[in-house]
Amino acid sequence: MGMNTAAALQTYLRSWNTAGCLHGVAAVSLADGERVAVAGGMADPGLGVANEKDTVFRIGSLSKSFTAAALLQQVAQGRLELSDSLERFFPDFPNAAGISLHQLLNHSAGTANFTSAAEYWPTRMRLAHRPQELLDWAHALPPACPPGIAHAYSNTGYLLLAAIVERVADQDFASYRQQYLFRPLGLERTYVDDGRVILPQAARGLHPGAPWRYAEPMDMSVAWGVYDLASSAGDLCRWLEALQRGEALPARLAALMLDVGALEYAYGFYGEDWTLAGRRQRLAQHFGDVNGFFAFMSVLPGGGGVVALTNAFGSPVERLGRDLARIASGETLEALPPPGRQQPDEQLFVPGRYENGEGAWLELFYNEHGCYARSPRRYDLPIAYPLTVTAQTPQLARAAVLPETLLIEEGTLQWCDAEGVTRRLRRQ
């Protein structure tokens with residue numbers, strides 16, 4: 001099975017690359033130890049540097065699994081209990097007496113999410129912060145809800161966990177992760193990214209458009225302990241393997257991260273239901289994003305995992321990860337077709353804004369380079385991407401950046417997006 005599965009994964013990933021839809025690196029670690037990885041797109045188009053299999057990407061909130069593991073290492077050493085109150089470390093923090101480490105780990109503590117604060121995007125993310133300044137800012141924000149009553153995803157919770165590890169271990173959190181996680185596990189291409197250290201073979205975050213541009217700048221010190229890591233697809237495959245094999249933590253504690261069961265969020269991982277080879281299974285996985293980068297990782301049933309890293313905002317890393325998991329589970333998926341060689345006919349694909357009356361919209365426009373579609377993605381930020389057609393099906397356009405299609409039928413635009421959701425839009 002290993003060789004056949006590996007070949008199927010290679011073929012599928014290469015079709016994404018040929019179609020122009022792979023902007024980063026996707027990798028699969030199979031249960032038998034075999035790995036498959038394919039790279040595509042540009043790490044830095046300004047310098048003409050292409051992505052390679054060991055290119056380093058910012059991984060956003062995938063960093064949280066490392067913070068959770070660092071905290072659990074302190075539990076393993078008897079320095080902490082999961083029932084410990086936040087009051088032990090930050091007695092003045094809102095609701096501290098009612099918040100446990102367990103609740104911080106699974107996002108049920110009700111702490112405010114500092115990245116949702118109104119000042120985060122326009123100012124805070126561009127400014128240098130010391131960890132204590134981040135903690136002071138988070139302290140001043142009103143709680144999202146009382147502790148223990150609801151799941152409320154909060155970057156503040158993991159900021160507090162990082163600070164607690166630093167205090168208990170009596171070591172700065174950056175060097176702690178290097179000494180007790182990266183080096184022992186052989187993660188040679190995983191780094192704490194403060195935005196000042198030069199990382200080898202690091203990609204730059206990009207925003208697809210007409211033309212493409214670099215992503216909005218941010219000061220990575222604002223991400224301390226929460227979404228501040230950069231890594232390679234190979235290292236993250238190794239990380240998933242280490243967690244599953246009990247190399248990073250004792251098995252009973254690693255299970256608190258990976259055995260998601262009916263949980264919405266365990267420790268450092270979401271629980272998501274996927275149907276693989278006809279069986280519905282709940283898997284530990286996480287999505288991460290930080291300006292211009294999307295990242296995704298998931299364990300596989302029976303061992304191993306999938307990782308998809310991109311430096312192009314809007315790339316469907318979750319869709320790609322799910323497809324790879326399906327193939328690894330024995331399913332057969334059709335390869336993506338290559339892009340067409342012709343430009344859409346402006347008489348068919350009439351420029352303008354198309355809507356479905358339910359909030360979805362897509363704009364068609366033309367410039368000196370051809371026909372483009374513009375549509376919103378995460379955080380409602382729009383991206384633009386070129387369209388091509390073939391002579392055989394001039395009414396069916398394919399996106400040259402995303403696995404999406406646009407079909408014109410009797411004046412209606414049928415848009416099948418990268419997640420496979422189809423909408424019918426009318427020109428306004």
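Points to keep in mind about this one:
- Note on Ala7 and Ala76: the extension gain reaches 20.8 nm, defined as 0.36 nm multiplied by sequence separation minus the Cα-Cα distance.
- The slack between Glu216 and Gln392, meaning 0.36 nm per residue of separation minus the straight C-alpha distance, is 59.3 nm.
- Antiparallel bridges, percent of DSSP beta bridges restricted to the chain (to nearest 5): 95
- Straightening the chain between Thr18 and Tyr379 buys 127.1 nm, computed as 0.36 nm per residue apart minus the Cα-Cα spacing.
- Taking the helices alone, the chain has a mean residue ellipticity at 222 nm of -7000 deg cm²/dmol, built from -39,500 (n - 2.57) per DSSP H run of at least 4 residues and averaged over all its residues.
- The calculated FRET efficiency for the pair Asp273 and Gln414, based on their C-beta separation and a Förster distance of 22 Å, comes to about 0.20.
- Counting neighbouring Cβ atoms within 10 Å and putting the fewest first, the residues His102, His207, His369 line up as His369, His102, His207.
- Put a dot 7 Å past the Cα of Glu133, heading toward its Cβ, do the same for Ile149, and the two dots end up 3.5 nm apart.
- Positive-end extreme of charge dipole, the chain - chosen from Pro250, Cys237, Gly261 (charges on Cβ): Cys237
- Charged-residue dipole, Cβ positions (Lys, Arg, Asp, Glu), the range 120-193 about Cα centre, Debye nearest 20: 160
- Student exercise, the range 2-328 dipole from Lys, Arg, Asp, Glu Cβ charges, in Debye to nearest 20: 660
- Prolate/oblate/rounded label for the range 352-427 (Cα gyration tensor, a/c 1.5): rounded
- Taking 7 Å steps out from each Cα toward its Cβ at Asp44 and Glu119 produces label points 3.3 nm apart.
- Global geometry of the range 1-115, whether rounded, prolate or oblate, following the gyration tensor of its Cα atoms and the 1.5 cut on a/c: prolate
- By the beta-carbon count within 10 Å of each Cβ, the least crowded to most crowded order of Glu166, Glu188, fewest first, is Glu188, Glu166.
- Close amide H partners of Tyr265, meaning residues 5 or more places away or on another chain with modelled amide H under 5 Å apart, are Gly271.
- Descending by average beta-carbon neighbour count within 10 Å, the peptides 122-130, 150-158, 269-277 line up as 150-158, 269-277, 122-130, the highest first.
- Acute angle (nearest 10 degrees) that the helix 64-76 long axis makes with the longest principal axis of the chain, alpha-carbon atoms: 20
- Counting all C-alpha pairs of the range 2-328, share separated by more than 30 Å (%): 32
- Given charges at Cβ of Lys, Arg, Asp, Glu: the range 2-328 dipole, positive-most of Ala284, Gly157, Asn51: Asn51
- Over the range 90-243: Kirkwood hydrodynamic radius from C-alpha pairwise inverse distances, Å: 17.1
- Cα-projected label distance for Ala97 with Arg280, points at 7 Å along beta-carbon direction, nm: 4.3
- Calculated FRET value between Ala255 and Glu355, using beta carbons and R₀ = 51 Å, to 0.05: 0.60
- Between Glu188 and Glu368, the C-beta separation translates, for a Förster distance of 41 Å, into a calculated FRET efficiency of about 0.40.
- Using the average count of surrounding beta-carbon atoms within 10 Å as a protection proxy, the listed peptides 375-384, 13-22, 175-184 rank, highest first, as 13-22, 175-184, 375-384.
- Highest-MSF residue in the chain out of Thr190, Thr55, Thr388 [GNM, Cα springs under 10 Å]: Thr388
Every number in this text was worked out from the coordinates using simple rules, so none of it is lab data. Since the structure is predicted, the reported quantities are computational estimates derived from the model, not experimental observations. Neighbour counts run over all protein chains shown; Cβ positions are idealised from the backbone, glycine included.
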